[in-house]
Structures are given as C-alpha cells and as structure tokens.
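S.K.: Encoded as structure tokens, here's the structure I'll be asking about.
The values are calculated or read from the model by the stated rules, or taken from the named source; none is laboratory data. Keep in mind that this is a model prediction, so the values were computed, not measured. Reconstructed Cβ throughout: ideal geometry from the backbone, glycine too, with neighbour counts over all protein chains shown.
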Amino acid sequence: MTGRPLPKSLDDTPALGRWISLAEPGRVIIASGKVELGQGITTALAQIAAEALELRLARVTLAEVDTDRAPNEGFTAGSQSVEVSGAALRLAAAQARAALIAVAAVRLGADAARLGCDDGAVLLDGAPSGLDFWGLAADVDWGQPVADAAGLRPASAYRVVGQSVPRADLVQKRIGGGFIHDIDLPGMAHVRVVRQPFRMARLERVDSDRLARRHPGVRALGKADFLALVSDDEYAVHAAHAEADRFVRWQEVPGRWQPAKAPEGMVAAIGAEPAPATCTSTIAVRYARAHIAHASIGPSCALAQYEAGRLTVWTHSQGVFALRAQIARCLGLDVAAVRVVHAHGAGCYGHNGADDAALDAAIVACALPGRPVRVLWSREDELSRGPLGAAMSAEISAGVDAAGRVAAWAMHVTSAPHAQRPGMGGYANLSSAEAMDGAHLPREVADLPEAAGGGASRNARAIYDFAQEVRVAIDTRSRIRTSSLRSLGAHLNVFAIESAMDELAELAGADPLDFRLRHLSDPRCRRVLAEAAEMSGWAGAQATGEGVAKGLAVARYKGKGAWLAAVAEVTVEADVRLQRLWLAVDAGLLINPEGARSQIEGGAIQAASWSLKEAVSVENDRIAAFGWGSYPILRFSEVPEIETRFIESPGAAPLGAGEAAQGPVAAAIGNAVARALGARVRDLPLTRAQILRAVAGG
Amino acid sequence: MTASVCFHLNGLAVSLDADGDTPLLFVLRNRLGLKAARFGCGNEECGACLVEIDRRARFACTTPIAALAGAQVTTAEGLPDHPIGAALLAAFAQEHAGQCGYCLSGILMAAFVLLRANPTPDRASIIAALDGNLCRCGAHGGILRAVERAVASLAEAAP
Ligand code: FES
Ligand code: FES
C-alpha cells in the first residue's frame, strides 16, 4: 500500500471485474463511467490499460457506458476523465496483471519474480512459458477490490502511454457511421419535438386537421405542453416540424414562469480587500460576455424503446446515471426499469441538448409501447433550446502603487447559472420535464462548489501573488436556460483578469509580460509565460504596426489544472482578424500528445470563435434569432495559424487539457485588439459593432 | 409525387421509387443505409451532408431526389475505392485530423471534389473549397494539413 487515497471511482466500484474483462480470448474489454465526447477518451483510456497490462493497444477495447454494467463515475466533465477514470483504470489494470502473474506462478511452480509478460503471453525468465492471460483468467478472483498495491511501472518504461496513437473510432466516422444518429432500430418511428418558444409557454392549440392535410402520415402526440410530431418517414416529420408555427399556437400565461431563488449573497468570497490607500492610479471597469451556444455540428439525438415494462434509452449524454434517475422520476418509473446506454454524439462541449433529447425520446417511447423511436433536434433548436453557456459580467476595481505593483484588487462576478445538469439541486433540469409538468421548474439554483472547480467562480481568483477580494453572485432572473459550457466561468473570468492586468500594466508604464512576472511566483506559470513570449518573439508593449498587434495572457485552469499561456496576433480593420496564436502548455504527463494537442488547439479555436463572433440573440428575455445565419462561428478562412508547445514535466500527473485554452486565448485576443486599436473593448464578442462602440466611447 | 429515379451511387446503379421532393440526404440515410452524409442544418449552411454529384460538391440536404436522374453520385462511403479518396483518408488518419469527426465526411467530400478538379491546389484554394464546411471542434489545422499531405502523396504517386 502506498497510503495514497484511492481514486473515488474505486471506492464506489471496487470489484476488479467491473473494470477489466478477459472473457473474450485475445481481447481485453475495459469499462469506464466516462464517455467519448469527441475528445478521444476511448483511445486515451485504452492506452493507459494497455500500458499497465503490457499489451498491444489493438487488444484493448473500451466498453460503451451502459447503466446496466458500467461503473458510475458521474459526469464526463471538467477535463477530468483522464485524471479520474484513468487513475482508476491504471490501478485496476496493474492489479489484474499482478493477479494473472500470480496464477501463472502457481501453475508453473515458479517464483512470480521470474515471470514477465508480453502482449498477453506469460514469460518465464524472459522466454515464452506457453501460458497466456486468457488461459489464466478463470483462476483470478475478479471480485477482489482494486487497491493501490500492485505497484505501477515507472513512466520511463512506458511504451504505449505517451505515444500519439491515431483514434480508432475516427476510422468509421470518416466514411459513415459511428454516431448515435446512425443507429437504425427496426421499425422505428421518427420524432421531432415542437419546443416551447419560451419557458412555461402554454400550448394553446394544435390544428390537427391542418397538420393532417399538409403532412399526411405525421401525427401529433401531446402531454400538457409537450408536443411531439411522429411519423414512419423522417422527411415527412422534418418538413412538418419546419413549419410547425402554421398549426401550433403558444400562449404566455403571466406569472407562470417564476425565477429560481438565487443563492444568498455571494456564493464565493476569497481573500480580503486590501487597503487602496497606496494606489497612485486605479481602474474601475466591467467586462462581459453574452449567452453562448454549444453549437455542435450534429444536433442532439436520442433513441428509446419501452418494452415489457422496461425502458431503454440511447443517448450522447455526459452523465448516463444521473439522466437515468431523472428520466425515471419524470415518467414515474422505477430506476431499475430504466436502462440508459451511451452512444457517440457530435462534439460535446458541455451540458447541451443531449439529456433533453433523451427525455423527449423516453416520453414518446412510453406513449408508443413496443415501438422504437428516434428523436432528432432541428438546427434552430440546437442553437437555442438546449442549455446555453451563461452570460456573465465581471467588475474589476484595482490600482497600482508608485512602485508599479498592484496594490488593490477587487473583482465582482455576476453570472447566470452554470450548474443545471440533470438532478442538480434536486431538479430534473430537463426541457420536456418542465413542459409536461410545471412543478419541474427549478425553484432554487446553486453554483458548482469550489471543490468541483466552481462555476461562475471558476478562475475568478487571479493566479498572481497580490491580495484579492473576489465576490461571485448568481443571477437567476432570466428565463433563458443556462448550464455548463466548456470552462464555465473561466472564459470570462480569465478574460477580465488578464485584460485588467494589461490595463494596469499600462498605468504602471510596464511591459505586460514584465508586469505579470513581477506578481507571479508560481514557477510553472512563469515557465509557460516565458515560453509563449519566446515563441512569439514578444517584443514589449509597442504596437507592431498600423492596426496590427500582439497580446498576451496566462492562467492555470481551475487554479489546479493545466497552465497555459497564449500570445495572439491580430489585425484590426473593419473586423478583427486573428492571424496567429502561440500557445505554451504545461499539462503534466501527456497520455496521447497528438490527442492533447488537438484538444488544446481545438479549444483555442473555439475560444477565438466565442470571443470574436458569438452571442445568442436575446430580446425581451426571449431568444430572438435562430440558425447558423444569425449565429456565425469561425470558418476555415478565419482560423489562425497555431503553434503549440508542451512543457515537459517529468513525473508530473496528467492534467486535463480540453478547457485550459478558453480563458487565456480570449484575453490574449482582447489585449491584442486593445493595442491594435488604441481603445479597449470590454464586451465580448469583439465584433465590428462592439469595436465601434468602444472607439466612440473611448 | 412518387417517381422512379435511376442514378449511379459510388459506381453502382441504383433505382428506387420515392417522392421526388425527398432530399437525397434522407434517401441515403434511411432507404439506402448510407450514413456518411450527415444532417447538420438541412439548410445548406454547414456542409455535413456534402456529396459529389457529377463532379460537383452538392448539399444532399436540399437536393431533391428527382433531380438525380442519370447522375453520378459519390458519398464518403465511396472514397476508399478511389485513389484520391484513399489518399485523403490515409492523410486524415496520419495527421490525426478531426476531433469528434461529425464534420469529417462532408469535409472529405469537399476536398475530394477539389482534388478531382485540381490535383495541385495551394493552401488558399483548399481553404476556399472547405469554407462552406463548419467544424465546431476547431480541428481546422489538422484538416488543412491532411489535405496538403494528400496532395503531396498523390503528386508523389503520379508518374
Ligand atoms: S445539413 Fe446540408 S448543409 Fe448542413
Ligand atoms: S471534428 Fe467535430 S465538428 Fe469537426
């Protein structure tokens, strides 16, 4: 025993056989409660198990997450999959290897120390012994609890971990198949849900005659304010849904929607307010972002079938166990009567419409016993009706003293909720649950606790050494649904902090890089900052030319994850154009370097897209525009050249990389734009309209 | 109006009865079981459904099946059987191009149509050819490198 605490996943699911199975000759099936979201976890976890078992990667397969079998590891979120599930699997695989070797030692009458293994074959004194894992598996006690006892191989001996292995799941996805959207269940009905145009809208009238006339073969299926269109033919139901406003009428019932109770006062307060007396110059500024859509290229999809008292749901949810509990609750079923199976969805960047779609399918399946049903969301609903990334603002009052050091810093964050996943706060938090029964409308909303990285408070504490007063409040007044989107509060918080640092550097007459280093003792943070500056040829604060400039920013994700420094180069004419990005990252041990790189660079492009272009259009607290036309994202002709360098940290634990870029990239772009423009834009996105406003105001 | 339509799909003759207004996308996915063309928007805005029709890139989500009489249609399922398609698939694997993969089949088709017309495109032409395709995962860099790699490998293979 090493005395280290076991990963929580192993406390919850201790039995070895729940994690590793050798039932199929020549193959090893590993289990995880974490799901593939397009981030490549299938491959990374297989690499970890293959390493510990000294197997070729091709022998290892990750089982789909199925509530009937998989260990419950909560939500796949917060870039924790490799940290949490990887740690559990590494221990389980090491223990399985030790147990198999122990059985071989008995069979061979040899000391275990003389045995080794190579791709499943047991070696005696380095030579084949004639035994293999699969012949020994029957004698292993698979019920034994996984402990931290087996001894892990040193990182220097790794052969599979640390290699850039191509993602096996992409082979099929390139030429068709592989997604939940592609599952055909025999005789399935195609379903589109006509969503409420705003929360607690009352379904006033469905003109069934008109529907039948215009769309023969499509029928309406309603339950309170939930309305589904069902057909054998997908195109028929798609076409009917596209013009639903011709035969469906909604009504506002005053007072029916009530905002949830916000957490009392501040949800997080860190540090004490330093005395501002010593400041020689100060800033008092406000930074903000609008609601942001997940905007996956594939709309949310789900399938379900209710048969013989049992409901099976296929979903691309991030949390199949929580979803199962809420589906059971909303439909009055026993949890044991519901099985939820994960299937791959299009890219998932947080709590999107996947769970909502799953309940949609479950409702319709229960209304059509025996019949498999498939629900697909429209593009317009995907961009507007699932939970959105929360609009936020951050007010910073700060100042520098005569020595050019930060002498006062207070940051007040106000944010719509970031934590409304299924079951959170005791509420279903599912769109159609509210439509079926208004009692499901949440009455109270909390933020994510600091231990979970915080929500609105994520990265609200700056990484710098100066004293800080930080306050965070949740604003629940809007009826727009919001929840967790990649990096949660970190995007706006880091944008605000790192923008303010540049504003203060200017007051202090200092170079932004020197100014940051002056307040920074964290060595790994200093290192990424210096590296990014070096990569970009950082040459101080001066503008590099007419309307061309570089900006710089740094953060450590959640204050405990990966460090990332970014330098952005922009040109500003009518619009901002992001030309180049240099990223320096310390993400600890890299399981799959190419995988980590595409996570970081993908995150950086998405952050650039949010920061330059994205805001969900809202008027009178209702979503006012739909579709890609009104919600543009960065295109091939607009993406920057990116250079990424990983800082090697031998012996360091792996840290999730998927969300580390969001804040620093946003701030680096903002700082570059401020310098190119000579005026600061504090409201994201940095569109032409915002720039004109800032220039006029500044 | 139900009509009988005959066309060539990935080199094979296909004949089917369908409502002529039905977009090719739904026919491919639900009648023919070909899932490479994907639904993204249904509105010519994302390219997830892109296929090749008579050597041009077309949105399957809005192309009515009636318009296909006699056409030559290629979907991403047909790429492995074509030297340019095979080179693209290999290059995408080697460059680790793509994150979730949902956009990839459409992007591969846009690249395929480009390389069939112009085997030596420069980066600007590649970007122009792919600009109608959206990728939310930010996999653009790897995708561009992959297309360039395919161009290079085809040039090498050519006599
Ligand atoms: S689905 Fe055809 S362009 Fe989006
Ligand atoms: S790889 Fe996910 S949309 Fe392109």
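S.K.: Considering only the stretch B:58-72, how many residues are closer than 12 Å to B:Ala37 by Cα and more than 9 Å from ligand 1 (Cβ to nearest atom)?
M.R.: Counting residues in the stretch B:58-72 that are closer than 12 Å to B:Ala37 by Cα and more than 9 Å from ligand 1 (Cβ to nearest atom) gives 1.
S.K.: Looking only at the stretch A:562-610, filter to residues that are polar (S, T, N, Q) and surrounded by fewer than 24 Cβ atoms within 10 Å (Cβ to Cβ); which one of those is farthest from the other protein chains (Cβ to nearest Cβ)? Quick ask: steps written out before the conclusion?
M.R.: Here is the first cut: in the stretch A:562-610, the ones polar (S, T, N, Q) are A:571, A:579, A:592, A:598-599, A:606, A:609.
Filter again for surrounded by fewer than 24 Cβ atoms within 10 Å (Cβ to Cβ), leaving A:571, A:579, A:609.
Details: A:Thr571: 17, A:Gln579: 14, A:Ser609: 8 Å.
Per the stated criteria, the residue is A:Thr571.
S.K.: Next up: Within 29 Å of A:Ala549 (Cα to Cα) and out of contact with any Gly (no Cβ under 7 Å at 6 or more places or on another chain): which single residue out of A:Ala625, A:Ala587, A:Ala660 fits that description?
M.R.: A:Ala587
S.K.: Checking B:Ser153 against (1) touching a Leu at 6+ places or on another chain (Cβ under 9 Å); (2) polar (S, T, N, Q); (3) away from ligand 2 (no atom under 13 Å from the Cβ), which test does it fail?
M.R.: The one condition B:Ser153 does not meet is (1).
S.K.: Here's another thing I want to ask about it. Out of the stretch A:505-537, which residues are among the hydrophobic types (A, V, I, L, M, F, W, C) and in contact with a Phe, Trp or Tyr (Cβ under 7 Å, 6 or more places away or on another chain)?
M.R.: Pass one, the stretch A:505-537, residues among the hydrophobic types (A, V, I, L, M, F, W, C): A:505, A:507-508, A:510, A:513, A:515, A:517, A:520, A:525, A:528-530, A:532-533, A:535.
Selection gives A:Ala505, A:Ala508, A:Leu513, A:Leu520, A:Cys525, A:Val528, A:Ala532, A:Met535.
S.K.: How do the pairs read when you match residues in the stretch A:561-589 that are basic (Lys, Arg) with residues anywhere that are surrounded by fewer than 24 Cβ atoms within 10 Å (Cβ to Cβ), using Cβ under 6 Å and keeping only pairs 6 or more apart or on different chains?
M.R.: From the stretch A:561-589, the pairs are A:Arg577/A:Thr571; A:Arg580/A:Glu569; A:Arg580/A:Pro640; A:Arg580/A:Glu641.
S.K.: Scan the stretch A:117-143 residue by residue and report those that are closer than 18 Å to A:Ala50 by Cβ, touching a residue at least 60 places away in the same chain (Cβ under 8 Å) and in contact with a Gly (Cβ under 8 Å, 6 or more places away or on another chain).
M.R.: A:Gly120, A:Phe133, A:Trp134
S.K.: Taking the options A:Leu376, A:Leu368, name whichever one is surrounded by fewer than 23 Cβ atoms within 10 Å (Cβ to Cβ) and assigned by TED's automatic domain parsing to the domain that holds A:Lys223.
M.R.: On inspection, the qualifying residue turns out to be A:Leu368.
S.K.: Filtering the stretch A:180-204 down to residues that are part of a loop (DSSP other than H, G, I, E, B), more than 14 Å from chain B (Cβ to nearest Cβ) and among the hydrophobic types (A, V, I, L, M, F, W, C), which residue is surrounded by the most Cβ atoms within 10 Å (Cβ to Cβ)?
M.R.: Within the stretch A:180-204, the match that is surrounded by the most Cβ atoms within 10 Å (Cβ to Cβ) is A:Ala201.
S.K.: Give the residues of the stretch B:30-45 that are within 11 Å of ligand 1 (Cβ to nearest atom) and of a type outside the set (Asp, Glu), sorted by residue number.
M.R.: B:Ala37, B:Arg38, B:Phe39, B:Gly40, B:Cys41, B:Gly42, B:Asn43
S.K.: For B:Gln94, all conditions in the list (1) facing chain A (nearest Cβ under 9 Å); (2) surrounded by fewer than 23 Cβ atoms within 10 Å (Cβ to Cβ); (3) in contact with a Leu (Cβ under 8 Å, 6 or more places away or on another chain) hold save one; what is the number of the exception?
M.R.: Failed condition: (3).
S.K.: Go through B:Ala86, B:Ala76, B:Ala48 for me and flag whichever is more than 9 Å from ligand 1 (Cβ to nearest atom), modelled with pLDDT of 95 or more and facing another protein chain (nearest Cβ under 10 Å).
M.R.: B:Ala76
S.K.: Does the stretch A:188-226 hold any residues that are of a type in the set (A, V, I, L, M) and either free of Cβ contacts under 8 Å to residues at least 40 places away in the same chain or in contact with a helix residue (DSSP H, G or I) (Cβ under 7 Å, 6 or more places away or on another chain) (or both), and which are they? Steps first, please.
M.R.: Taking the stretch A:188-226 and keeping what is of a type in the set (A, V, I, L, M), we get A:188-189, A:191, A:193-194, A:200-201, A:203, A:206, A:211-212, A:218, A:220-221, A:224.
If the condition is that a residue be of a type in the set (A, V, I, L, M) and either free of Cβ contacts under 8 Å to residues at least 40 places away in the same chain or in contact with a helix residue (DSSP H, G or I) (Cβ under 7 Å, 6 or more places away or on another chain) (or both), then A:Val191, A:Val193, A:Val194, A:Met200, A:Leu211, A:Ala212, A:Val218, A:Ala220, A:Leu221, A:Ala224 are the ones that fit.
Okay, residues lined up against (1) at the interface with another protein chain (Cβ under 7 Å from one of its Cβ atoms); (2) basic (Lys, Arg); (3) in contact with a strand residue (DSSP E or B) (Cβ under 6 Å, 6 or more places away or on another chain):
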{"position": "B:Tyr102", "(1), (2), (3)": "yes, no, no"}
{"position": "B:Gly132", "(1), (2), (3)": "no, no, no"}
{"position": "B:Arg136", "(1), (2), (3)": "yes, yes, no"}
{"position": "B:Ala152", "(1), (2), (3)": "no, no, no"}
{"position": "B:Ala157", "(1), (2), (3)": "no, no, no"}
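S.K.: From the list A:Asp232, A:Asp225, A:Asp148, which residue is under 21 Å from A:Cys301 (Cβ atoms) and either at pLDDT 95 or above or within 32 Å of the chain's Cα centre (by Cα) (or both)?
M.R.: A:Asp232
S.K.: Right, another one. With respect to the numbered conditions (1) within 11 Å of another protein chain (Cβ to nearest Cβ); (2) within 16 Å of ligand 1 (Cβ to nearest atom); (3) free of Cβ contacts under 8 Å to residues at least 12 places away in the same chain, which one is the sole condition not fulfilled by B:Leu108?
M.R.: The one condition B:Leu108 does not meet is (3).
S.K.: Continuing with the same structure: For a quick check of your reading: which strands (runs of 3 or more DSSP E) sit entirely within the stretch B:29-77 and have at least 3 residues that are more than 16 Å from ligand 2 (Cβ to nearest atom) and under 18 Å from B:Asn133 (Cβ atoms)?
M.R.: B:50-53, B:56-59
S.K.: A follow-up question, please. Just a yes or no: is a residue in the stretch B:102-114 surrounded by fewer than 22 Cβ atoms within 10 Å (Cβ to Cβ) and more than 14 Å from ligand 2 (Cβ to nearest atom)?
M.R.: yes
S.K.: Scan the stretch A:308-319 and give yes if some residue there is away from ligand 1 (no atom under 16 Å from the Cβ), in the same structural domain as A:Ser378 (by TED's automatic domain parsing), of a type in the set (Gly, Ala, Ser) and outside any loop (DSSP other than H, G, I, E, B), otherwise no.
M.R.: No, the conditions are met nowhere in the stretch A:308-319.
S.K.: If you don't mind, there's one more thing I want to ask. Take B:Ala128 and decide whether it is within 21 Å of B:Ala86 (Cβ to Cβ), more than 16 Å from ligand 1 (Cβ to nearest atom) and of a type in the set (Gly, Ala, Ser). Let's see the steps before the verdict.
M.R.: Numbers: within 21 Å of B:Ala86 (Cβ to Cβ): no; more than 16 Å from ligand 1 (Cβ to nearest atom): yes; of a type in the set (Gly, Ala, Ser): yes.
Spelling it out, it is not the case that B:Ala128 is within 21 Å of B:Ala86 (Cβ to Cβ), more than 16 Å from ligand 1 (Cβ to nearest atom) and of a type in the set (Gly, Ala, Ser).
S.K.: Is it the case that some residue within the stretch A:386-403 is within 14 Å of another protein chain (Cβ to nearest Cβ), part of a helix (DSSP H, G or I) and crowded, with 22+ Cβ neighbours inside 10 Å?
M.R.: Just the residues of the stretch A:386-403 that are within 14 Å of another protein chain (Cβ to nearest Cβ), to begin with: A:386, A:389.
Adding the requirement that they be part of a helix (DSSP H, G or I) leaves none.
No, the conditions are met nowhere in the stretch A:386-403.
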